[in-house]
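Down below is the structure, laid out as structure tokens.
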């Protein structure tokens, strides 16, 4: 653990995010607000077909549209393919389109209108083929391939622990069911966009709301065929990301291609329908689960089969399928399990990174399943969870080391807060509306070695002559508050004012290498690096002051920018004076320190998936109460309580914001967001038809922070942005089942689906003479 | 959004001339809640947008001496919802206007725009059908009248020629002061658009079992609002007891044929059934309580 010398300053206070006011006032500059001299406007032509051969692209009419400067197609891209894990994608379609929405051509013109007109004037001749849309069918022998050069099986894992057959033999109750989860679109306020500008030598600078400037630099360099040194990426203010801006899709690469060919800056902003199509939405999966428990509620065997729809291109989906296949196991003290997971290419839109990275898919199934099993053995579901919950000090079945774990506290807290004991036992009633309660739990990694077998962060601190600090880091800020928290940590450790810490933009030319913001990693990894660097700066400051004041360093302390003699607050010098003195003494060399932190973790074994991949794990439990209108099937969420073990909450305001946002997103996935397709074409590509939760559709969300101090965390903190989406869908499905006695195993739980199931159950009961 | 010429006529005659001149290439913008979205998404790319917002003659709500109420086509939902004349004599329309969309939408959406935007689930058409409303449709060359029922709103199309606009909607005196109620069901609390709307109005007879001039209008069950004549007749024939209510609801639900991604025809039918049952049961309860006295709509 990197222990801070002086945990004070803003730590633990509800400090508003640094950009909150400028965002609220409309002053924040997003990439859409940026204009460069000579800038052109980009637009993309997307395939209307899920699977087709491109016979011919006729640009003649489009090129004659006044104001059009360049048009690029698959003929203009360098040979080869790129991709974060599997090299299976090209920046523009080359000869073949594999999903409806794939980028076929792009235009840069002097106005957006001219670009639009040119896009509509491009004539593409397609030979339409029958799309492969069913992942089960994609696995059948003799099925056509999505990619000629690779099988439809994009990734497969199979592993077992303990003795699953013996486990089932020892079980008193065994239950098997299949669950189905759909895509979810990130629904950020700001669609993806990039401004790409070539300098006179042709070197490219890109401004984009990316989650990782270095991932984007690598993908752009690979996509346009230049070394990374020829590309500079600067993060703009990010209008939400949730995984969707991690660098799986083509927006930045296309902007770069257009700018290089035009020799002018090009701004390419996805329109909303285009963003819906191209964003790597969360992984749709079919999960078959079989679990055995003993009469006293011990989970003794688990068998799981995951079939995940990769869509046309892989992105980071292979790692997400792995997460689905194994992460939920780490919540329980389970010993016997056997899992097989398949990720399959189809002609559906590509899936990819989304908040919680594949965890929630399996957890929806687990939470649903365990409530059913609890009923089968006449045990309260909360008690069943308590008996199986993993605890601090445990090493999970997959080798994850639980240094801190507040799962049991979280379960107990939400049960108490929602009034579980009374509500769970209450009779369902016979009115036209019925209420029910449900519970779910969740886990998430804080950082993850899984993507690169390396998981650290580097932070540099540069002291200015006025005593202020530049915190130089490439981790960036997605709006979750990373830069606010890093500034808090630097200020607290250095003894300067929070307002005097300036956090840099993530800029690949300036900042140390960084992975960026994903896997809830920034607070812990960059936070620890910040504390280390601050400690080095502090030493230099004290050293300088000791020399000037002719006093021993150990007699000095720093607070609020003032270096003082302990016990005599009036004798001393300012941090600014010490910084200036250092510059003059060292011949212009100011205080500039850099430190790294590499998480003490191991890469998992690629076959068995065993290994402690993260330095810390966050936990959550959620209890919800729903009301079901039994005549219309509509489910209304009445109440939600989340208890989240986030380690020490460095900024409770930011943490609660992340938790509530995660829950709202989970509610949308569970109840409201219904992504509909026709032959692979997305029908619901605007916010009128894709109904994300509006404020009125979400009750006041209650949050309880369970602060289990994490030894590896900066001041004990862990990740807080993703865990709370994990339990939501299962908790809601359980509450619906509690209210009306019918369980929906496919999301979203729409009124029509629920009413169909309720009427079906009634018919079945009548037929069986069983009066429910 | 693409570039276009914006015409903002001040007078109706000027507006009709503009439409006559541009024909198909003009796009009429009323409140803009549907039209601006269509423009932004590029679903329409007109050369000319004609904004009706500046035409005084299209605005306002006023009662005529004959007891009818004239709604300017550009009257907003917010105006309808707070207008004393509407609240007093046509509570069905006031209730419709107050439930439509969100505050921001209600401040912008107009009654004329709502019926011309080509949405089978639009809120105003069933209510106007129940109230026997007459639409005035004008072009530079002629003016004609239509009822809401012979004005098929369809899916992304309306019954208007390119040079025509709806200028006003008239609610007849015969519909004033009727008891009325509306139930609007949505897919979920996150969806502001109606899935199914049922609007009912009727006049109370002298005895508790007597109802006359019953209108049952359904929106969202077909491509256009539908009056359920069989249910209306049934409800005029006697007391609204459980079996009559059930029969009327079943007849109404059976009318649903619209099936799309939001809901199947079968589910829409179930919802129409539920909505009408709720309206009629509440009416019966209210009437029983007030035992023949005045009843608020």
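A few points about this structure:
- Fraction of C-alpha pairs exceeding 19 angstrom in the stretch A:600-678: 59 percent, rounded to a whole number.
- Tilt relative to chain B, helix B:242-253 - C-alpha long axis, 0 to 90 degrees, to 10: 20
- Overall, the anisotropy analysis places chain A in the oblate class: the square-rooted eigenvalues a ≥ b ≥ c of its C-alpha gyration tensor yield a/c not less than 1.5, with a/b not exceeding b/c.
- Counting beta carbons within 10 Å around each of B:181, A:455, B:66, B:17 and listing the fewest first gives the order B:66, B:17, B:181, A:455.
- Of the two radii for the stretch A:649-694, the radius of gyration is 1.19 times the Kirkwood radius, both from the alpha carbons; that is the Rg over Rh value.
- When the Cα convex hull of the stretch A:1-91 is projected onto planes of every orientation, the mean area is 13.9 nm².
- At R0 = 56 Å, FRET efficiency that the Cβ-Cβ distance of residue B:70 and residue A:23 yields, to 0.05: 0.75
- Per-residue average of Cβ from other chains inside 10 Å of A:666-674: 2
- Inter-label distance, nm, simple model (7 Å from Cα along the C-beta direction), residue A:509/residue B:150: 7.2
- Extension gain for residue A:569-residue A:547 works out to 6.1 nm (0.36 nm per residue, less the C-alpha to C-alpha distance).
- Relative contact order of the stretch B:1-89, pairs being alpha-carbon contacts under 8 Å that are 6 or more residues apart, as %: 31
- By the equivalent-ellipsoid construction on the alpha carbon gyration tensor, the stretch A:517-612 comes out with semi-axes of 39, 15, 11 Å, ordered largest to smallest.
- Look at A:371, A:508, A:294 and count the other Cβ atoms within 10 Å of each Cβ; fewest to most, that gives A:294, A:508, A:371.
- Mean residue ellipticity (222 nm) of chain B, computed from DSSP H runs ≥ 4 via -39,500 (n - 2.57), nearest 500: -10000 deg cm²/dmol
- Per-residue average of Cβ from other chains inside 10 Å of A:45-56: 0
- Alpha carbon centroid spacing (whole Å) that separates the stretch A:714-765 from the stretch B:178-204: 28
- Each peptide in A:250-258, A:464-472, A:647-655, A:125-133 receives the mean, over its residues, of other Cβ atoms within 10 Å, and ordering these scores from highest gives A:250-258, A:647-655, A:464-472, A:125-133.
- Measuring max minus min along each principal axis, the C-alpha atoms of the stretch A:150-294 give extents of 73, 31, 27 Å (largest first).
- Cα-based shape type of the stretch A:57-96, given that a ≥ b ≥ c are square roots of the gyration tensor eigenvalues and the cut on a/c is 1.5: prolate
- Most to least packed among A:143-149, A:197-203 [average Cβ atoms within 10 Å]: A:143-149, A:197-203
- Segment residue A:36-residue A:584, extension gain: residue separation times 0.36 nm, minus the distance between their alpha carbons: 193.4 nm
- Other protein chain C-beta atoms within 10 Å of residue C-beta, averaged over B:138-149: 0.
- When only Cα pairs below 8 angstrom with a gap of at least 6 residues are kept, chain B shows a relative contact order of 15 percent.
- Computed from the alpha carbon positions, the gyration tensor of the stretch A:699-767 leads to an equivalent ellipsoid with semi-axes of 39, 10, 10 Å, biggest first.
- Spacing of the two label points (7 Å from each Cα toward its C-beta) at residue A:150 and residue A:636, in nm: 4.8
- The stretch B:5-174 - share of DSSP beta bridges that are antiparallel (%, nearest 5): 70
- Computed Kirkwood radius, in angstrom, where 1/r is averaged over Cα pairs of the stretch B:178-287: 13.9
- Sum of -39500 (n - 2.57) over DSSP H runs of 4+, divided by residues of chain A (222 nm, nearest 500): -8500 deg cm²/dmol
- Structural descriptor for chain A: relative contact order 16 percent, calculated from alpha carbon pairs under 8 angstrom and at least 6 residues apart.
- Placing a label point 7 Å from the Cα of residue A:653 along the Cα-to-Cβ direction, no residue of the stretch A:701-739 has its backbone N under 17 Å from that point.
- Stokes-Einstein diffusion for chain B at 10 °C, viscosity 1.306 mPa s, with a Kirkwood radius from C-alpha pairs, works out to 81 µm²/s.
- Convex hull volume per residue for the stretch B:207-255, taking Cα atoms only, in Å³: 63
- When peptides A:262-269, A:581-588 are sorted by average Cβ neighbour count within 10 Å, with the highest value leading, the order is A:262-269, A:581-588.
- Bridge type composition, chain A - antiparallel percent by DSSP, nearest 5: 80
- Cα gyration tensor shape of the stretch B:5-174, rounded if a/c is under 1.5, else prolate or oblate by comparing a/b with b/c: prolate
- Residue B:47-residue A:189 FRET efficiency (beta carbon distance; Förster radius 35 Å; 0.05 resolution): 0.65
- If you plug the beta carbon distance of residue A:688 and residue A:111 into 1/(1 + (r/R0)^6) with R0 = 22 Å, you get a FRET efficiency near 0.20.
- Footprinting exposure proxy ranking of A:606, A:743, fewest other C-beta atoms within 10 angstrom first, gives A:606, A:743.
Coordinate-derived values only; no laboratory data. Keep in mind that this is a model prediction, so the values were computed, not measured. Cβ atoms come from the backbone with ideal geometry, glycine included; neighbour counts cover every protein chain shown.
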